[in-house]
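Novice: Below: one structure in structure tokens.
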């Protein structure tokens, strides 16, 4: 039996990962990016997101109610 590898989380998230994490559809995510509500940057043609920034965004919004 092979030893199990530890699951590592990348400091970057893809748009699909963020959509699932936030439970929003693709159009909503891109609208939030365009309006500057979600920090993102592009690598090639794909958006990437800092995991810490997304988690902070969620916790800050939960704290505000």
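Novice: Kindly evaluate residue 63 against the criterion of being out of contact with any helix residue (DSSP H, G or I) (no Cβ under 7 Å at 6 or more places or on another chain), free of Cβ contacts under 8 Å to residues at least 40 places away in the same chain, surrounded by fewer than 11 Cβ atoms within 10 Å (Cβ to Cβ) and assigned to a helix (DSSP H, G or I).
Specialist: When the stated conditions are applied, residue 63 passes them.
Novice: Kindly establish whether residue 57 is surrounded by 12 or more Cβ atoms within 10 Å (Cβ to Cβ), out of contact with any helix residue (DSSP H, G or I) (no Cβ under 8 Å at 6 or more places or on another chain) and at pLDDT below 95.
Specialist: In short, yes.
Novice: Further question on the same structure: Being surrounded by 10 or more Cβ atoms within 10 Å (Cβ to Cβ), touching a residue at least 24 places away in the same chain (Cβ under 8 Å) and out of contact with any strand residue (DSSP E or B) (no Cβ under 6 Å at 6 or more places or on another chain) is the requirement here; does residue 26 meet it?
Specialist: Answer is no for this residue.
Novice: Scan the stretch 29-49 for residues that are in a strand (DSSP E or B) and surrounded by 15 or more Cβ atoms within 10 Å (Cβ to Cβ) and report the count.
Specialist: 3
The values are calculated or read from the model by the stated rules, or taken from the named source; none is laboratory data. Predicted model only: the values in this text are computed from it and were never measured. Heads up, the Cβs are rebuilt from the backbone with ideal geometry, glycines too, and the neighbour counts pull from every protein chain shown.
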